[in-house]
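The values are calculated or read from the model by the stated rules, or taken from the named source; none is laboratory data. Keep in mind that this is a model prediction, so the values were computed, not measured. Positions of Cβ are generated from backbone atoms using ideal geometry, with glycine treated the same way; all protein chains shown enter the neighbour counts. Note: areas computed on protein heavy atoms with side chains; ligands, DNA, RNA excluded. Shrake-Rupley method; radii C 1.70, N 1.55, O 1.52, S 1.80 Å.
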Amino acid sequence: MTDSQLIDSLKTDGQEGFVAIYRKFYKQLLFFILGYLKENRVAEEIVADVFVKVWERRSDFYTMENLKAFIYISAKNASLNVIRSERSKGIHESLTNYEDLLVDDRDVFSKMIHAELIHSIFIEVGKLPEKQREVFNMTYLEDKTVEEIAEELQMSPTAVYTNRSRAIHTIRTLLGTKNALTLLAFLSLVGEN
């Protein structure tokens with residue numbers, strides 16, 4: 001479906017359009033929220049709440065850009081509300097961790113783009129062979145050491161290094177053929193220059 005068909009389907013109470021929009025934005029929105037919060041469970045609740053609001057206001061959206069802006073602004077506001085709520089309950093982290101979030105609104109656009117780029121990267125990660133994908137995800141999503149991965153996957157540390165290197169090489173090659181911006185986001189994710 002095209003973007004305009006998705007919006008039309010959403011507006012006419014079509015669950016098909018809603019489900020397609022949910023699938024299109026779920027991962028990138030979750031990643032976007034995790035840029036503010038560090039708890040996956042809370043981030044998933046916010047995503048669910050945002051999509052409930054989308055369903056309730058489905059007749060208000062005329063373009064995909066309009067919908068996208070609503071989704072990201074709602075997610076940002078909900079994330080900041082969680083941060084404020086935790087602070088008022090006495091759960092204090094250093095204010096310097098959050099003051100840029102509360103003051104600087106222009107960073108939201110770059111966070112949206114970053115979330116979408118990371119989503120593109122993980123689409124390519126999903127295409128990797130199983131062991132390479134597992135090693136990549138355990139390394140960069142779960143932040144596990146080579147030894148932990150080797151033990152969990154019952155392979156040698158050398159095999160972990162090999163699978164990780166092959167995964168990075170394959171993704172770098174795939175992304176290099178698509179566009180430079182996504183490749184740069186990938187390189188920043190894996191910490192290589």
Restricting attention to region 145-154, does a residue exist that is under 24 Å from residue 120 (Cβ atoms), under 25 Å from the mean Cα position of the chain (by Cα) and surrounded by fewer than 16 Cβ atoms within 10 Å (Cβ to Cβ)?
-> no
So residue 172 clears everything in (1) under 27 Å from residue 26 (Cβ atoms); (2) among the charged types (D, E, K, R); (3) modelled with pLDDT of 80 or more except one condition, right? Which one?
-> (3)
May I ask you to verify whether residue 120 is of a type in the set (Gly, Ala, Ser) and at pLDDT below 75?
-> yes
Subset of region 25-44, residues open to solvent by 10 Å² or more (accessible area, probe 1.4 Å) and either over 14 Å from residue 80 (Cα atoms) or basic (Lys, Arg) (or both), comes to 26, 27, 28, 30, 31, 38, 40, 41, 44
Hey, could you check region 60-76 for residues that are among the β-branched types (Val, Ile, Thr) and open to solvent by 40 Å² or more (accessible area, probe 1.4 Å) and say which is nearest to the chain's Cα centre (by Cα)?
-> 73
